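Read the structure below first, then the notes.
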Amino acid sequence: MTLGERVGDLALQRIAPHHIAAWLHQISSSPVSWEAKYHALHRFFDFWVKRGEIQRAPMPSKRKDRSRAFVPYIYTRVEICTLLRTVRASQQALWCRIDGETLRTLLILLYGTGVLVGEAQRLLLDDVDLRRGTIIVRGPAGNRPRTLPIGDDIVRALTRYQRMRQRKKTSSEHFFVNKRGEALNPNTLYGTFKRIRLLSGIRRHDGAYYQPRIHDLRTTFAVHRITVWLRHGADLNRMLPALAAYMGQIGLGSTTRYLALTPERFRAQLKLLSPGRRKRHWRDDTELMRFLEQLDRVNDRPLRVGAAETRVHD
């Protein structure tokens, strides 16, 4: 319902703040959308104020933002395995633009490395070195690429996918391609994942505005990794810089927020292991750099790729 439909055939001079407030508050939208509508109306009435049609803009007071901070969804290991099993059964239809093996391999890479969805889509054939077990991750234009070591399970998954891709004789330079041999379309990928998630029966029940997203696999990777470290009593002052570097984050600010998403039973440990500021650069720590080289290989095997079942710790 538009504002005009709400107030009816009412002269501009007779529109009062309570008319606008009633229309704005009946809209079920996110805080960002509500703010955008409010400012659009403000500019509209300012236009008529400057032309002398009305004395002042009849805008109500802005509402206080009662929304909660956005909280990413953390998939359980059982949910990750459910997603992977659902992919094969659901992507066999002729109308599916992404085949099951492509989507399954992409999800394994996202969960197993924590790379951004866009970074995985931009992955080129020349960026994947399965012999050395590394991939070159390229961020948006202008960002420096980084080379990541990947675990044996991920190497096997990428190898299997690459062989399938070679049999199809796809000419695209992109590593992940759709059934037509073209780079994956983001909207198609997001829509496909949403359908897979619904078929898997995965949804959040905490009242949050957003349902689980494909982007949340990145947060899940970080939280599962930190959980393993906490279980083994690792020093987060040393581990979090490595995790930040692996995920391509500058500074620890983005990485430490994952601490609040770790299981509740680790709260006491978090108080003892909470990261402090270090004067020495983490790259100067040779032991830490060795750890970074084999970061994904000491993954406590939270997910056995290709296995029907997985151990559940959380």
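Here are a few things to note about the model shown:
- Of the chymotrypsin sites (Phe, Trp or Tyr not before Pro) in region 84-182, the ones in a loop by DSSP (not H, G, I, E or B) with at most 11 other beta carbons within 10 Å are TRP95.
- Computed E for ASP235/ARG146 - FRET, C-beta separation, R0 22 angstrom, nearest 0.05: 0.40
- Applied to region 121-138, the Karplus parametrisation 6.51 cos²θ - 1.76 cosθ + 1.60 on θ = phi - 60° returns per-residue 3J(HN,Hα) values of 5, 7, 4, 9, 4, 6, 7, 9, 10, 6, 5, 8, x, 9, 9, 9, 9, 10 Hz, with x for Gly and Pro.
- Solvent-accessible surface of region 109-157, averaged per residue with a 1.4 angstrom probe and all protein chains in place: 45 square angstrom.
- Cα gyration tensor, region 118-213 - rounded (a/c under 1.5), prolate or oblate: prolate
- Backbone HN-Hα couplings from phi across region 201-215 [Karplus 6.51/-1.76/1.60, Hz, Gly and Pro as x]: x, 9, 8, 9, 10, 9, x, 5, 5, 9, 7, x, 10, 5, 4
- A Förster distance of 25 Å, applied to the separation of the beta-carbon atoms of ALA183 and ARG132, puts the FRET efficiency at 0.55.
- Whole-percent carbon and sulfur share, accessible surface of region 122-241, 1.4 Å: 47 percent
- Between MET59, PHE70, ILE108, the Cα set farthest toward the positive side of the dipole of region 51-144 (charges on each charged residue's Cβ, about the Cα centre) is that of MET59.
The values are calculated or read from the model by the stated rules, or taken from the named source; none is laboratory data. Treat the numbers as computed from the prediction; the structure is a model and nothing was measured. Backbone-built Cβ (ideal geometry, glycine too); neighbour counts: all protein chains shown. Keep in mind that these areas ignore ligands, DNA and RNA; they rest on the heavy atoms of the full protein, side chains included. Shrake-Rupley method; radii C 1.70, N 1.55, O 1.52, S 1.80 Å.
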